[in-house]
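Values in this text are rule-based calculations from the coordinates and carry no lab data. The shown structure was predicted, so the numbers you read here are calculated from the model rather than taken from an experiment. Ideal geometry is used to build each Cβ from the backbone, glycine not excepted, and the neighbour counts take in all protein chains shown.
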Amino acid sequence: MKSDRRITNLVITGFSGTGKSLVAKEVARGLNWNFIDTDDEIVKQSGKPIAEIFRQDGEARFRELERDTIRKACQQLQTVIAIGGGAIVDPQNYELLVKTGLIVCLEAKPETIYERLFREAAGSPETEVRPLLANDNPLQRIKQLKASRQPYYANVDWTVHTDDLNISQVAEEVVRASRLLSRAHPHLNPLPSRERKLGSQLKANGDVACVVETVTQSYPIFVGYGLLDKLGDKMKQAALSGTATVISDKNVFSLYGSRVGGILKEAGFEVNSFVVPPGEGTKSVDYAIKIYDFLVEHRAERDDMIIALGGGMIGDLAGFIAATFLRGMPWVQVPTSLVAMVDASIGGKVGVNHPEGKNLIGAFYQPNLVLADPQILTTLPQRELTSGWAEVIKHGVILDEEFVQFLESNANKLTKLEPELLTRAIARSAAIKAQVVSQDEKEREGKRTILNYGHTIAHGLEAATQYKRFLHGEAVAIGMVGAAKLSQRLGLLPSAAVDRQQALLRKFGLPTGFSGLGLAEITRAMELDKKVKEKAIRWVLLQDIGKVVIRSDVPQQDVLAVIQGLAEP
Ligand SMILES: NC(=O)c1ccc[n+]([C@@H]2O[C@H](COP(=O)([O-])OP(=O)(O)OC[C@H]3O[C@@H](n4cnc5c(N)ncnc54)[C@H](O)[C@@H]3O)[C@@H](O)[C@H]2O)c1
Ligand SMILES: [Zn+2]
């Protein structure tokens with residue numbers, strides 16, 4: 001997004017059926033501002049309904065009228081502008097809108113949109129049946145069209161998820177967002193800028209969430225909603241310059257690649273990108289070699305840098321390249337999945353898989369900075385998101401009871417990605433991991449072991465199902481239930497705490513048991529017999545929520561009983 005923005009308006013965008021027009025009207029009323037609906041303006045000026053313009057004059061003509069209307073609207077001050085669902089896709093419109101307005105996108109699931117449009121069309125016979133619904137498979141059409149616009153909807157200042165909100169609740173969210181963002185845009189006044197407390201370490205608009213301080217390197221972790229736009233600035237502040245090679249997977253790159261490229265170029269970096277297929281299979285020596293070839297071909301130098309733009313897979317792979325190419329290059333992590341933001345991007349473990357085992361080849365190599373923008377999570381698939389919450393909850397359960405309370409009280413809003421709470425949760429979770437790894441950078445002193453809470457059984461479940469059935473976080477959630485039950489069985493933990501953790505995991509939609517898997521398969525995958533005999537399993541257990549203990553003397557029969565107990569009938 002542009003840095004030379006002179007924001008005086010609020011722009012509401014989003015797909016049809018997200019309530020743009022009604023919300024914009026209500027926001028305008030609340031702020032005592034003007035209101036413009038660009039579709040209404042077009043109808044007024046051309047004297048015919050939109051569907052008729054499309055039919056008689058064609059879409060190109062409609063887009064022309066739309067550009068003209070948007071240009072005029074952008075000349076206003078203190079105006080809430082509702083724009084048509086496709087307007088933002090046009091680069092000329094976007095450029096103008098972003099320069100003069102804070103853009104808020106209203107989101108809704110395709111099913112919700114279908115429901116709303118259908119109801120609207122049925123309820124008022126004089127309403128033009130929207131072209132969208134005049135289709136054999138309207139839901140499918142909505143899904144397709146929405147997916148094609150998603151990259152543009154992601155490129156905004158703020159997103160409000162409207163599925164479970166009514167119009168005035170959405171309007172309230174928009175006003176709240178504009179207040180939060182107004183500090184960065186003084187021309188937006190006179191929006192009353194109410195000071196807000198955003199948690200002890202975090203202010204709005206992306207302050208440092210925490211710092212990792214290891215023996216080899218100290219670096220900041222920035223967490224901020226919409227912070228991606230400042231990536232170039234933050235990199236310059238970290239004294240980076242030269243050519244940035246962005247390494248990303250196809251899913252993430254198609255959504256954010258051009259935006260990141262633009263941000264970096266605007267900050268004065270040369271930019272190259274290397275895009276790999278998504279999925280764990282890419283985290284391999286084979287792909288590492290392809291990337292080395294690319295860097296050689298582009299004459300990358302030691303002062304250039306690698307940007308890891310993606311989930312944990314990309315972080316591990318790109319970090320491994322950074323650690324090894326030219327004996328080490330600077331690198332920046334831009335985590336895009338929840339797992340990557342709170343876990344994988346912190347701690348400097350980088351590497352690739354070997355056919356015989358995950359993460360067998362790698363290094364400890366800390367990045368120069370980490371920048372996490374929770375807004376990016378709005379495009380993360382639901383199952384990936386849910387899985388990520390397991391590590392967030394884990395961080396609370398092992399070290400921070402107060403954070404567990406925060407997660408309990410706000411689960412509902414957090415799962416809906418409420419921007420302010422989400423940002424706080426990620427910042428806190430990242431800070432907990434940063435604190436642990438700062439004390440034990442290379443996993444030598446055992447302090448880092450507590451991060452393995454829930455992971456002993458999780459690895460068993462993952463390996464027994466060839467890493468195909470569970471996402472990592474899902475297995476960890478089940479493993480955490482196991483670890484808590486084991487703690488209770490050994491008389492360390494009261495049953496109320498076991499129930500409390502279980503309830504929290506469920507609130508975030510995580511599994512707490514499994515079915516269709518034999519005990520023998522799991523224990524074999526855990527190499528339980530061998531490890532128990534050698535006392536090689538260091539169980540991370542709980543004494544209380546927020547308090548861990550490590551035990552190496554856990555009897556095998558207790559472990560077996562607990563795993564058996566996790567099997568759901
Ligand atoms: N280094 C560490 O300390 C550490 C810690 C935990 C996990 N890991 C590693 O991280 C990997 C798992 O990370 P992950 O869960 O992020 O998996 P991932 O990187 O494979 O991402 C999961 C999926 O989500 C997609 N995706 C990511 N961000 C998106 C976004 N914002 N919008 C849309 N799609 C998006 C990806 O393309 C991919 O399909 C594993 O390889 C694991 O070994 C490393
Ligand atoms: Zn994990």
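Just a few scattered comments:
- Average 1/r across all pairs of distinct alpha carbons in the range 206-280, invert it, and you get the Kirkwood radius: 13.7 Å.
- Vicinal HN-Hα couplings computed from phi for the range 295-300 (Karplus, 6.51 cos²θ - 1.76 cosθ + 1.60; Hz; Gly/Pro x): 5, 4, 4, 8, 6, 5
- Average Cα contact separation per residue, the chain, under 8 Å, 6 or more apart, as relative contact order %: 11
- Degrees separating the helix 401-415 axis from the principal Cα axis of the chain, which is the longest one: 40
- Amide hydrogen proximity for residue 310: with H placed 1.01 Å from N in the peptide plane, the residues at 5 or more positions away or on another chain lying under 5 Å are 334, 336.
- ³J(HN,Hα), Karplus 6.51/-1.76/1.60, whole Hz, each residue of the range 481-489, x for Gly, Pro: 4, x, 5, 5, 5, 5, 4, 5, 4
- Percent of alpha-carbon pairs separated by more than 21 Å within the range 461-566: 33
- Mean residue ellipticity, 222 nm, helices only, the chain: the sum of -39500 (n - 2.57) across DSSP H runs of n ≥ 4, divided by residue count and rounded to 500, is -14500 deg cm²/dmol.
- Ordering 46, 215, 287 by the projection of their Cα atoms onto the charge dipole of the chain, which places +1 on the Cβ of Lys and Arg and -1 on the Cβ of Asp and Glu, puts 215 at the extreme positive end.
- Around the Cα centre of the range 409-540, unit charges on the Cβ atoms of Lys, Arg, Asp and Glu (plus for the first two, minus for the last two) sum to a dipole of about 140 debye.
- Dipole magnitude (debye, nearest 20) for the range 248-362, charges at Cβ of Lys, Arg, Asp, Glu: 100
- Semi-axes of the equivalent ellipsoid of the range 30-161 are 24, 19, 15 Å, computed as sqrt(5λ) over the eigenvalues of the C-alpha gyration tensor in descending order.
- Looking at the range 426-505, the GluC sites (Glu not before Pro) that sit in a DSSP loop and have at most 16 other Cβ atoms within 10 Å of their own Cβ are 443, 445.
- Overall Cα dimensions of the range 313-417 - principal axes, largest extent first, Å: 48, 26, 25
- Counting beta carbons within 10 Å around each of 284, 487, 254 and listing the fewest first gives the order 254, 284, 487.
- If only the Cβ of Lys and Arg carry +1 and only the Cβ of Asp and Glu carry -1, the dipole of the chain around its Cα centre is close to 560 debye.
- Of the cross-linked pairs 25/146; 146/416; 143/290; 143/416, those separated by over 28 Å at the C-alpha level are 143/290.
- Percent of Cα-Cα distances greater than 24 Å, calculated over the range 392-494: 32
- Here is the list for the range 286-369: GluC sites (Glu not before Pro) lying in DSSP coil, each with at most 12 other C-beta atoms within 10 angstrom of its C-beta, are 301, 356.
- In degrees, nearest ten, helix 110-123 long axis to first principal axis of the chain (Cα): 30
- Residue-wise HN-Hα coupling along the range 243-254, computed from phi with Karplus coefficients 6.51, -1.76, 1.60 (Hz; x: Gly, Pro): 9, 9, 9, 7, 10, 8, 9, 4, 4, 6, 5, 5
- Candidates per trypsin sites (Lys or Arg not before Pro) in the range 468-543, loop by DSSP, up to 11 other Cβ within 10 Å: 468, 535
- For the range 263-309, the convex hull drawn through the C-alpha positions has a volume of 88 cubic angstrom per residue.
- Amide H partners (placed H, <5 Å) of residue 11, local residues excluded: 81, 102, 103, 104
- Mean projected area of the convex hull spanned by the Cα atoms of the chain, taken over all viewing directions: 27.6 nm².
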